[in-house]
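S.K.: One structure is given below, represented as structure tokens, and several questions about it will come after.
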Amino acid sequence: MNLTRTKTIEQSITDTEESEHKLRKELGPVQLTVFGVGVIIGTGIFVLTGEAAGEKDVILMGASYVPSSWARSVIDQNMLCAQRVKSLLIGS
């Protein structure tokens, strides 16, 4: 196993143009069910957070969102940089 192997950009583009490597554009019953369950769980998390904020100190609840929002902004910046590099390399 070679850990330093590389692939040219042209090879990567031709690999993704093959039909077996393309992503399917469909949402079936399983995907929609999983999406619905995720929405319900996410809503429950926000409702519980709101109820806890109503009973406890609101400032402490807000302070818990600061580290998570900072981490999310760092992740978003990294994703934007990766997309920018990809667009510069591929040219699309």
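S.K.: In the range 62-85, what count of residues is obtained for those that are within 12 Å of the chain's Cα centre (by Cα) and closer than 26 Å to residue 50 by Cα?
M.R.: 3
S.K.: Could you tell me whether residue 92 is surrounded by 10 or more Cβ atoms within 10 Å (Cβ to Cβ) and either modelled with pLDDT of 80 or more or more than 18 Å from the chain's Cα centre (by Cα) (or both)?
M.R.: no
S.K.: Something else now. Out of the range 64-81, which residues are at pLDDT 75 or above and small (Gly, Ala, Ser)?
M.R.: 68, 69, 71, 73
S.K.: Then there is this: Residue by residue through the range 6-25, note down the ones that are modelled with pLDDT of 75 or more and outside any helix (DSSP H, G or I).
M.R.: Result: 6, 7, 8.
The values are calculated or read from the model by the stated rules, or taken from the named source; none is laboratory data. Everything numeric in this text was worked out from a predicted model, so none of it was measured. Cβ coordinates were reconstructed from backbone atoms using ideal geometry, including for glycine residues, and neighbour counts include every protein chain displayed.
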